[in-house]
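Trainee: Would you mind keeping the following structure in view while I ask a few things?
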Amino acid sequence: MTAKPDFNADCNAFVLVHTDAMDWEPTGVPGVSQKVLERVNHPEKGRETALLRFEANAKLPSEAPAERVEVFVLEGTYEDEHGSYGQHTFILNPPGFRHTPSSPTGCVVYMKRRMPFRAEPETERMVVDTEKVDWLAFPHRNAKVLHLYKDPNGIDTRRFGEVFPNSQLPEHDHPTGEEVFVVGGCLIDDKGAH
């Protein structure tokens, strides 16, 4: 990972980020801007989470990063030399996987870079178009969910979920922490409306 200042790096602190209120910042690459949500500089536990906005025909340099890279397409079409990905597609590239992110039409993506939890081999590359697969019904939670990824150690997971209107999830906790990104609608919890 590039040595940039830590940001929202305390895993024991509650952090609420309103991305709509944040300014897009330059990345140093023409046509690509970012909103950094989290950055932890650590050789074994490092991670960075950001929104990236590509203007039409913008391209990042080719890379084969040491960390796992996850991309969730929020708007537009995202591409690399391995394919083209539309809205609500999840892409997971394992450590060392070479790719060249770009967009022919412009796009906004949620991107997370994460060092593996342990030195065990990571999962193979994954591409999931969430609009073309079956979701799991969670009737006891008035929701449906799509399990996208679970690391080999069972610690780190990714899910895309939909809570039905006027529903309330049962009270629960996450002893190892939880990160939520609201893609649409309004989620209300004890901290407010998001």
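Trainee: Over the chain, what per residue volume does the convex hull of the Cα atoms give, in whole Å³?
Mentor: Looking at the chain, the number lands at 135 Å³ per residue.
Trainee: If you don't mind, there's one more thing I want to ask. For a quick check: with amide H placed at 1.01 Å from N, whose amide H comes under 5 Å from Leu187's, ignoring anything fewer than 5 positions away on the same chain?
Mentor: For Leu187, whose amide H was placed from the backbone, the distant partners under 5 Å are His194.
Trainee: Just to check I understand the Karplus step: with θ = phi - 60° and J = 6.51 cos²θ - 1.76 cosθ + 1.60, what whole-Hz values come out for segment 185-194, glycine and proline as x?
Mentor: Whole-Hz 3J(HN,Hα) from phi for segment 185-194: x, 9, 10, 10, 9, 5, 9, x, 9, 10.
Trainee: Okay, next question. Determine the sum of side-chain charges near Thr105: Lys and Arg each +1, Asp and Glu each -1, restricted to other residues whose C-beta is under 15 angstrom from that of Thr105.
Mentor: Its environment carries a net charge of -2.
Trainee: Could you order Lys132, Lys4, Lys45 by accessible surface area, starting with the largest, using a probe radius of 1.4 Å? Walk me through the intermediate numbers first.
Mentor: Values: Lys132 165, Lys4 75, Lys45 120 Å².
The most accessible residue leads, giving Lys132, Lys45, Lys4.
Trainee: Now, a different point. Taking θ as phi - 60°, what are the ³J(HN,Hα) couplings along segment 98-113 by the Karplus curve (6.51, -1.76, 1.60), each to the nearest whole Hz, with x for Gly and Pro?
Mentor: Once rounded to whole Hz, the list reads 7, 8, 10, x, 7, 8, x, 10, x, 6, 10, 10, 9, 10, 10, 10.
Trainee: Continuing with this model, one more query. How much accessible area per residue does the chain have, in Å², with a 1.4 Å probe?
Mentor: 60 Å²
Trainee: Also: Under a crude label model (7 Å from the Cα following the beta-carbon direction), how far is Asp134 from Phe14 in nanometres?
Mentor: In this crude spin-label approximation the distance works out to 3.9 nm.
Trainee: Additional query: State the percentage of accessible surface on segment 1-113 attributable to carbon and sulfur atoms; use a 1.4 Å probe and exclude ligands, DNA and RNA.
Mentor: Ligands and nucleic acids excluded, carbon and sulfur reach 50 percent.
Trainee: Picking from Ser33, Ser62, Ser167, which is most flexible by a Gaussian network model of the chain using Cα springs under 10 Å?
Mentor: It is Ser167.
Trainee: Moving on to the next point. Using θ = phi - 60° and the Karplus curve 6.51 cos²θ - 1.76 cosθ + 1.60, what whole-Hz ³J(HN,Hα) does each residue of segment 58-74 get, with Gly and Pro shown as x?
Mentor: Result, rounded to whole Hz: 6, 8, 8, x, 4, 8, 10, x, 6, 9, 6, 10, 10, 10, 10, 7, 8.
Trainee: Enumerate the amide H contacts of Thr27 below 5 Å, restricted to partners 5 or more residues apart or on another chain; note that Pro and chain-start residues carry no placed amide H.
Mentor: Residues meeting the criterion, in which the H sits 1.01 Å from N, are Val32, Gln34.
Trainee: Considering only protein heavy atoms, with the full assembly of protein chains and a 1.4 angstrom probe, order Glu131, Glu70 by accessible area, largest first.
Mentor: Ranked list, largest accessible area first: Glu131, Glu70.
Trainee: Which of rounded, prolate or oblate describes segment 127-189 when judged by the alpha-carbon gyration tensor and an a/c cut-off of 1.5?
Mentor: Note, shape of segment 127-189 comes out oblate.
Trainee: Report, by chain and number, residues whose modeled amide H sits under 5 Å from the one on Leu37, excluding near sequence neighbours (fewer than 5 apart, same chain).
Mentor: Residues meeting the criterion, in which the H sits 1.01 Å from N, are Thr49, Ala50, Leu51.
Trainee: Another question about this same structure. Let me know the shape class of segment 1-72, please: from the alpha-carbon gyration tensor, a ≥ b ≥ c as square roots of the eigenvalues, rounded when a/c is under 1.5, otherwise prolate if a/b is greater than b/c, or oblate. Intermediate values should be presented prior to the final figure.
Mentor: Values: a/c = 2.17, a/b = 1.23, b/c = 1.76.
Oblate, because a/c is 1.5 or more while a/b does not exceed b/c.
Trainee: Once you put a point 7 Å from the Cα of Trp24 and another 7 Å from the Cα of Asn142, both along the Cβ direction, what distance in nm separates them?
Mentor: Rounded to a tenth, the inter-label distance reads 3.7 nm.
Trainee: How do the peptides 13-23, 48-58 rank, highest first, by the average count of neighbouring beta carbon atoms within 10 Å per residue?
Mentor: Ranked by mean Cβ neighbours within 10 Å, highest first: 48-58, 13-23.
The values are calculated or read from the model by the stated rules, or taken from the named source; none is laboratory data. These figures come from a predicted structure and were not determined experimentally. Cβ: placed from backbone, ideal geometry, glycine included. Neighbour counts: every protein chain shown. Accessible surface areas use protein heavy atoms only, side chains included; no ligands, DNA or RNA. Shrake-Rupley method; radii C 1.70, N 1.55, O 1.52, S 1.80 Å.
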